[in-house]
Amino acid sequence: MTGIQLPKTPFALLARQGSPTIEVLSGHVVDIDLLADIPLSEPDGRPNEVLALIPYRQVRERGFTAVDDGAPLRCLVVDEHLSVERDELVDSLPIEQIVLTDGGFDISDDDYAEIVERVIADEIGRGEGANFVIHRAYTADVDADPRLAALTWFRALLEHERGAYWTFAIVTDGHVAVGASPEAHVTAEDGVVTMNPISGTFRHPAGGANREDLIEFLTSRKETEELFMVVDEELKMMSAVCTDGGRITGPRLKEMSRLTHTEYMLRGSSRMDPRDILRETMFAPTVTGSPMQNACTVIQRHERSPRGHYSGVAALFTPNDDGGHDLDAPILIRTAYLADGRLRVPVGATLVRHSSPEGEVSETHGKAAGVLGAIGAVERDPASTPTAPLAGDPRIAALLEARNSRLAPFWLNPQGDDEARFTGTDALVVDAEDRFTTMLVHQLRHLGLEARRVAWDEVTDDEVAAADLLVAGPGPGDPRDAGSPRIARMREIIAARRAVGAPLLAVCLSHQILADSIGLDLVPLDSPHQGLQKEVDIFGLPATVGFYNTFTALVDGENTVELEVAADETGAVHALRGPHTASVQGHLESILSRNGLEVLEALVEHALT
C-alpha cells in the first residue's frame with residue numbers, strides 16, 4: 001500500500017451510505033457477556049466510542065431460544081477515529097486474487113428445498129407463525145493472510161457493490177468480518193429511533209435490472225405481503241421502545257448490483273439507553289421471522305448449523321453532546337467471515353405461505369453471489385455492472401405509492417390524541433408470545449386507556465381479576481392443544497374473566513380459545529391467512545382487517561351459542577360479542593387493518609359498557 005498506513009492494532013473500516021469519506025477506527029478489543037456490559041464509559045466517567053459485533057445468540061437476553069455457539073460479543077473500544085477521503089483510501093488498498101478452495105454451500109440445494117417444504121407445512125401450516133428465515137452458508141478454505149484478505153475484499157465491495165447502507169471491514173485477532181449490508185436495523189440519534197425493514201428480493205437478470213421485470217416483481221402478491229409482514233413485526237419493536245409507537249414512510253427501492261429490494265422507514269421518539277433499544281429490537285424479522293419469539297424456536301428446530309454473527313448487528317455507539325450515545329446498527333447480512341482459514345458467507349430466504357422451494361433456493365444463491373461476485377470469489381456476470389436507477393420511473397413510483405392505499409392511516413400519519421375516549425380506565429394486555437401486544441398497548445393508550453403488557457406466564461390471578469379491561473392477546477400455535485402450558489393458561493385467564501362478567505377483549509388465538517369455550521368448532525384453514533388482508537363485517541361495521549391465522553372458528557345454522565357471532569358466508573367467525581365480552585380474529589393493530597382503530601374502539605366500548 002502507498003500513502004495511507006492502516007493500524008496494526010484491531011481496526012475497522014466503515015463506508016457509510018452517502019458519505020464521501022471512509023472512517024478508520026482503531027483500538028482495543030473487549031469480549032463481554034451482555035449488552036449492558038458494552039463499555040460506553042471508562043471507570044472515571046469518560047465516554048467511549050464502541051463498535052460492537054453482536055452475535056445472534058445474544059437474542060437469549062430477550063428470553064428467546066438460540067444455540068449458544070460461543071460467537072463472541074466483541075467490542076472494539078475506539079482509541080482513534082479518523083476520516084479519510086474515499087478515493088484516497090481505496091487507492092491504498094491491495095488488489096489481490098484471494099484463492100478459495102473446496103467451496104460450496106454447507107447444505108445442498110435439494111436438502112434446503114426439503115427444509116423449505118417442512119417449514120411451510122409444519123410451521124406456517126400449523127399456526128406457528130407468518131414467516132420464517134432459514135439460513136445456509138457458502139464456505140471455502142482460504143490460504144491467505146486474514147488482514148490482506150479483509151482489505152482486498154473491502155476494496156472489491158466498494159468497487160463492485162452499490163446501494164449498501166454500510167460497507168465495512170472489521171479486523172480483530174482471530175476474526176474478520178467484511179460486508180456490504182443493505183439494511184440499517186436500528187439507529188438512535190437526538191431522541192429519534194429509526195428502523196429500516198427491507199424485504200422482497202428481485203434478482204436481476206443477465207445484463208442488469210430492467211423496467212418490465214421490476215414491474216412484475218412489484219406486482220407480486222408474495223413479495224408485497226412479505227414486506228408488509230416485516231413492517232408489522234418491526235412496528236411491534238418500535239411500539240416497545242418509542243413513546244409515539246412509530247410512523248411509516250415509504251416504500252422505496254433499495255437498488256444494489258445484483259438485487260433490488262423494497263423498503264420502508266419507521267421513525268419514533270425515545271430516550272431509552274441505546275443498549276436497551278438494541279436489546280428490545282433483537283433481531284430483524286427480515287432475517288428471523290414473525291412472531292419473533294416463536295421464530296427463534298423454529299430456527300433452532302430446522303437450521304443445520306449455528307448462526308454465529310449472521311442476522312446480528314454491528315453497532316456503533318458514538319458519544320453525543322447530551323452526554324449519551326448515538327447508535328447506528330446495520331444488520332450483519334451480505335457479510336463474509338474469515339476465521340481459522342475458513343470463509344463463511346451465510347444467507348437466508350424468507351419463507352411464507354406462497355413460497356416455492358425452488359424460488360427460495362434461487363434466492364439464497366442470488367444473495368451469496370452478491371458478496372462472492374463482488375469479492376471475485378465467483379465470476380462477475382453482467383448483472384453486477386451498474387445500471388440506471390429505476391426508482392424514478394413514473395410507473396415504478398406509482399406502483400410503490402399504491403401499496404400505501406392498503407395500509408392503516410394510523411401508522412402512516414402523525415398520531416394525535418383526539419381519540420382519547422377511555423381516560424381513567426386501565427387495561428391489562430396478556431401477551432401469549434406475539435408482540436403484536438406492544439402495538440395493541442400503544443393503540444389502547446391512544447384511545448385513553450392506561451394500558452400495560454404482561455407475559456402469559458408472569459401474570460397473576462390477582463392482576464387478571466383487578467383490571468378494568470383485560471385484553472387476552474394473540475400468539476402462535478394450535479388453540480386446540482390442551483397439552484400446551486401457554487394455551488392452558490390463556491384458557492384459565494379467559495374463563496376467570498367470563499365467570500365474573502368482567503370486561504374482556506380476546507384477540508386472534510384468544511378469540512379462538514373463547515370460541516372453543518362456547519362450543520364452536522376450531523378447524524385449520526385450507527390455506528393459512530398469514531399476512532392476509534380481508535374485507536369483513538364486524539357487527540355491521542365494514543372493516544378492512546389484517547389476518548394472521550392458520551385456524552378459525554366455524555359456525556353453521558345448527559349452532560346455538562351464548563354470544564353474538566359475526567361470520568362470513570363460509571361460516572368462518574371473525575368476531576364475537578356478549579355482555580362485557582368481545583373478540584376478534586384479525587389484528588386490528590396491524591398496518592393491514594385500514595380502519596382497525598375504529599373497530600378496536602367499538603369493541604372496547606362494548607366490553608366496557
The correct count of residues that are at pLDDT 90 or above and surrounded by 16 or more Cβ atoms within 10 Å (Cβ to Cβ) in the range 381-399 is 2
Yes or no: ARG74 of a type in the set (Lys, Arg), closer than 20 Å to PHE317 by Cβ and at pLDDT 95 or above? yes
Mind checking whether some residue in the range 67-75 is of a type in the set (Asp, Glu), under 20 Å from ILE331 (Cα atoms) and free of Cβ contacts under 8 Å to residues at least 24 places away in the same chain? yes
Can you pull out the residues in the range 586-609 that are of a type in the set (Ser, Thr, Tyr) and out of contact with any Leu (no Cβ under 9 Å at 6 or more places or on another chain)? THR609
Determine, yes or no, whether GLN530 is assigned by TED's automatic domain parsing to the domain that holds PRO479, of a type outside the set (Lys, Arg) and modelled with pLDDT of 95 or more. no
Residues GLU80, GLU88: which one is among the charged types (D, E, K, R), touching a residue at least 24 places away in the same chain (Cβ under 8 Å) and not in a strand (DSSP E or B)? GLU88
Looking only at residues that are on the phi > 0 side of the Ramachandran plot and in a loop (DSSP other than H, G, I, E, B) in the range 165-214, which one is surrounded by the most Cβ atoms within 10 Å (Cβ to Cβ)? GLY208
Please give the number of the condition GLN5 fails out of (1) in contact with a strand residue (DSSP E or B) (Cβ under 9 Å, 6 or more places away or on another chain); (2) outside the structural domain of GLU379 (by TED's automatic domain parsing). (1)
Any residue that is of a type outside the set (Lys, Arg) and part of a strand (DSSP E or B) - is there at least one of those in the range 91-99? no
Looking at (1) within 30 Å of ALA156 (Cα to Cα); (2) buried (at least 19 other Cβ atoms within 10 Å of the Cβ), can you tell me which one GLU80 breaks? (2)
LYS222 is checked against (1) assigned to a helix (DSSP H, G or I); (2) buried (at least 24 other Cβ atoms within 10 Å of the Cβ); (3) in contact with a His (Cβ under 9 Å, 6 or more places away or on another chain) and fails just one. What number does that condition carry? (2)
Taking first residues from the range 16-32 that are in the same structural domain as VAL78 (by TED's automatic domain parsing) and second residues anywhere that are among the β-branched types (Val, Ile, Thr) and in a loop (DSSP other than H, G, I, E, B), the pairs with Cβ under 6 Å that are 6 or more apart or on different chains are SER26/THR9
What do you reckon, is LYS236 among the charged types (D, E, K, R) and outside any helix (DSSP H, G or I)? no
I need a count of the residues in the range 533-558 that are surrounded by fewer than 16 Cβ atoms within 10 Å (Cβ to Cβ) and either in contact with a Ser or Thr (Cβ under 7 Å, 6 or more places away or on another chain) or more than 30 Å from GLU226 (Cβ to Cβ) (or both). 5
Being out of contact with any helix residue (DSSP H, G or I) (no Cβ under 6 Å at 6 or more places or on another chain) and more than 16 Å from GLY127 (Cα to Cα) is the filter; apply it to the range 510-532 and report the residue that is surrounded by the fewest Cβ atoms within 10 Å (Cβ to Cβ). GLY519
Flag if GLY448 is without any contact (Cβ under 8 Å) to a residue 60 or more places away in the chain, surrounded by 15 or more Cβ atoms within 10 Å (Cβ to Cβ) and among the small types (Gly, Ala, Ser): yes
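The values are calculated or read from the model by the stated rules, or taken from the named source; none is laboratory data. Fair warning: this is a prediction, and the values are worked out from it, not measured in the lab. Reconstructed Cβ throughout: ideal geometry from the backbone, glycine too, with neighbour counts over all protein chains shown.
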